[in-house]
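Please treat every number below as a calculation from the coordinates, not as lab data. All values derive from a computational prediction rather than experimental measurement. For neighbour counting, all protein chains shown are included, and Cβ atoms are generated from backbone atoms with ideal geometry for every residue, glycine included.
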Amino acid sequence: MSEWTEATLTYLVDDGEVLLIEKKRGHGAGNFNGPGGKLEGEETPREAAKREFREETKVQVEGLEKVAELKFFFGGDPDQHVHVFKTEKYRGSAEETEEARPEWFSVEEMPYDDMWPDDEVWMPKVFDGQRFEAVFRFSEDGSEVKSYEFSEPGF
């Protein structure tokens, strides 16, 4: 059995729009998602979230609020433990990088057809101001959500 990979996702919301990235490589390539990635060294989830956001969009985010913790299983094995943050505070303009192409979307019109299949289940809760923990169990290849459960946040 594998161990958890600690990772982050961050959602920057500005005037009813959220900045997503189209991943150009790595985990989730071709999908839209929030900027994020794996923790490095002794980084805290908050430090990693800021670093990953800057690396993938050239935007510096501040005032991160932790809103969720997600655990993902693929084919029964633990995969990622993701710390989800949300903010409205930032500096700079989004630019395309080697890893990602940023694009603003209305919170009401998210491109769920081009995202991970679990996103349309939990992301609306984030944009509604809810805080939670969730566990998602995917098929082996990650194409299908087999089950999920929500619980009160313990963070």
- [ ] Per DSSP H run of at least 4 residues, take -39500 (n - 2.57); add these up for the chain, divide by its residues and hand me the 222 nm value, nearest 500 deg cm²/dmol.
- [x] -4500 deg cm²/dmol
Open item on the list: Which lysines, if any, have their Cα less than 19 Å from the Cα of residue 146, not counting same-chain residues under 8 positions apart?
Closed with: 71
Task: Degrees separating the helix 45-57 axis from the principal Cα axis of the chain, which is the longest one - done: 60 degrees
Open item on the list: Based on the alpha carbons, how large is the Rg to Rh ratio for segment 76-145 when Rh follows Kirkwood?
Closed with: 0.98
Open item on the list: Let me check against my output: what whole-number percent is the relative contact order of the chain, with C-alpha pairs under 8 Å and at least 6 apart?
Closed with: 27 percent
Task: Radius ratio Rg over Rh of segment 5-151, counting only Cα atoms, Kirkwood formula for Rh - done: 0.93
Open item on the list: Just to confirm my numbers, what's the Cα centroid distance between segment 11-37 and segment 119-155 in Å?
Closed with: 17 Å
Open item on the list: Projecting each Cα onto the charge dipole of the chain (Lys/Arg +1, Asp/Glu -1 at the beta carbon, about the Cα centre), which of 57, 136, 33 comes out farthest on the positive side?
Closed with: 57
Task: Beta bridges per DSSP with both ends in the chain, % antiparallel, nearest 5 - done: 65 percent
TODO: Output ³J(HN,Hα) for segment 61-74: one whole-Hz value per residue in order, computed from phi by the Karplus curve 6.51 cos²θ - 1.76 cosθ + 1.60 with θ = phi - 60°, and x for Gly and Pro.
DONE: 9, 9, x, 5, 10, 6, 10, 7, 10, 10, 10, 10, 10, 10
TODO: Please work out, to two decimal places, the log10 of the ratio I(q)/I(0) at q = 0.20, 0.26, 0.28, 0.35 Å⁻¹ from a Debye calculation in which every Cα of segment 37-79 carries one identical scatterer.
DONE: -0.75, -0.98, -1.03, -1.18
